[in-house]
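Data block below; observations after.
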Amino acid sequence: MEFIPRSEEEMELRRGAWTAEEDLVLMNYIALHGEGRWSSLARRAGLRRTGKSCRLRWLNYLRPDVRRGNITPEEQLLILELHSRWGNRWSKIAQYLPGRTDNEIKNYWRTRVQKHAKHLHCDVHSKQFKDVLRHLWIPRLVERIQATSGDSVVASAGAEAPTTCDGPMNAIPELAQVKMSPESSSTGGWSSVDSLG
DNA sequence: AAACGGGTCAACCGCGAGTTC
DNA sequence: AGAACTCGCGGTTGACCCGTT
């Protein structure tokens, strides 16, 4: 079932929010032909969208394994740790959070983390803010994780490859050091940290 | 009930890297 | 070799939602 655009109108590209019908067309096409080669996929599927738009819609929304909303404390901890290591390498960070997209992680960082940096009147890249993360935010997250799952988190400090689905904390062996460092006991004083979840 | 403001998130844009011809 | 095309990434925007006044 191939769609060859004939008129100017048919070739005009759509933009903005995707409709349920468009989603269905894209999902059906990918189910039959697989993903990739997005520009020709868009044409052949009969979608008046750019290949870019189709790729984004599939990766961030329609993919069967995509998870949205409710970023867990474990995932937050992992994001903070990985971001401190790699900076704004969202797609790389996303590789360690199965089902999460780079877009969602980026949004989380901008709406939650940057917001708190702003409230503290410092830059997210400043030493001051990094200290706050290490000494306040991360210990709070660790406490929350331990409170909800006993000590299993700390005990899980084994090495696992990225994309493991047993929980994101398994992905980075060194994370155990962050979680278990003596200095990580809470010093309190930054009450807004509690609202980050 | 309406207006307003802030937060969230889906989607677009620009650019650089990689690939194909 | 290099032009044209495609893909993927990170930054940004804008629409929508929800709480507050």
**Message:** At 7 Å along Cα-to-Cβ for each site, give me the label-to-label distance between A:SER91 and A:LYS106 in nm.
**Reply:** 1.0 nm
**Request:** Within 10 Å of each residue's Cβ, count the other Cβ atoms and sort A:LEU26, A:LEU80 from fewest upward.
**Result:** A:LEU80, A:LEU26
**Message:** How large is the convex hull of the C-alpha atoms of region A:8-62 per residue, in Å³?
**Reply:** 73 Å³
**Asked** If the cut-off is a Cα-Cα distance under 16 Å, which lysines reach A:LYS130, setting aside same-chain residues fewer than 8 apart in sequence?
**Response** A:LYS115, A:LYS118, A:LYS179
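Could you please report the charge total around A:ALA17, scoring K, R as +1 and D, E as -1 over all other residues with beta-carbon less than 13 angstrom from its beta-carbon? List each step's numbers first, then the result.
On the way: positive: A:ARG14, A:ARG15, A:ARG49, A:ARG57; negative: A:GLU21, A:GLU22, A:ASP23.
Around A:ALA17, the surrounding residues sum to +1.
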**Request:** Mind jotting down the three principal axis lengths of region A:80-141 based on Cα atoms? Whole angstrom, largest first.
**Result:** 31, 20, 19
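Any read-out appearing in this document is the output of simple, stated calculations on the displayed coordinates, not a laboratory observation. These figures come from a predicted structure and were not determined experimentally. Note that each Cβ is placed from the backbone with ideal geometry, even for glycine, and that neighbours are counted across all protein chains shown.
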